[in-house]
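Notes to accompany the following structure.
The values are calculated or read from the model by the stated rules, or taken from the named source; none is laboratory data. All of these numbers come straight from a predicted model, not from anything done at the bench. Glycine gets a Cβ as well: all are built from the backbone with ideal geometry, and neighbour counts include every protein chain shown.
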Amino acid sequence: MNETQLQAIFNSITNKTNYQRANLISTIEQLSDTELSSIIHLILTMCYPKGPNKGKIYSPYLQKKANEYINKTLYKHQNYQSLQDTNLQLEKTNRKLHQKNQALIRRTQSLGAQTQHLQDQKSKHIAEIRSLV
């Protein structure tokens, strides 16, 4: 790349940045006083509190994640009946898991008893063999 091409690329980037800056300023100028104070608070709040990016505005990725979280939790309206249904379903799942857990405990105890019985038989057979020798 020669110097004129690099200068053209630099100029296009600068023009885009200047356009975005002018667009932002124009948008801010159109805001009412209450919206303006909200925007100032938003800009001050949406900054990294510590680390290497301290004081810089959050990345677009984090801004998007925060917006999605707000939309999922704040604006999620659940009525009483749907909450009861969810609670009932969770209780059923809990009961089934508890029953499976108890079955596994009984199976483990049964295997332990069976192992002990086999060890006793083995010891008895060894004792019989030793008594014959």
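Quick look at the values:
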{"quantity": "Boolean, Lys122 is surrounded by 10 or more Cβ atoms within 10 Å (Cβ to Cβ) and basic (Lys, Arg)", "calculated": "yes"}
{"quantity": "Test: residue in region 76-93 that is modelled with pLDDT under 90, among the small types (Gly, Ala, Ser) and either at positive phi or surrounded by 10 or more Cβ atoms within 10 Å (Cβ to Cβ) (or both)", "calculated": "yes"}
{"quantity": "Condition met for Lys50 (within 25 Å of the chain's Cα centre (by Cα), of a type in the set (D, E, K, R) and loosely packed, with under 10 Cβ neighbours inside 10 Å)", "calculated": "yes"}
{"quantity": "Check on Thr73, surrounded by 10 or more Cβ atoms within 10 Å (Cβ to Cβ) and not aromatic (Phe, Trp, Tyr)", "calculated": "no"}
{"quantity": "Selection from region 51-67 of residues that are farther than 25 Å from Ile28 by Cβ and either modelled with pLDDT of 90 or more or touching a helix residue (DSSP H, G or I) at 6+ places or on another chain (Cβ under 6 Å) (or both)", "calculated": "Pro52"}
{"quantity": "Region 31-46, residues that are of a type in the set (Ser, Thr, Tyr) and within 29 Å of the chain's Cα centre (by Cα)", "calculated": "Ser38, Thr45"}
{"quantity": "Qualifying residue in region 71-93 (condition: under 30 Å from Ser26 (Cα atoms) and under 29 Å from the mean Cα position of the chain (by Cα))", "calculated": "yes"}
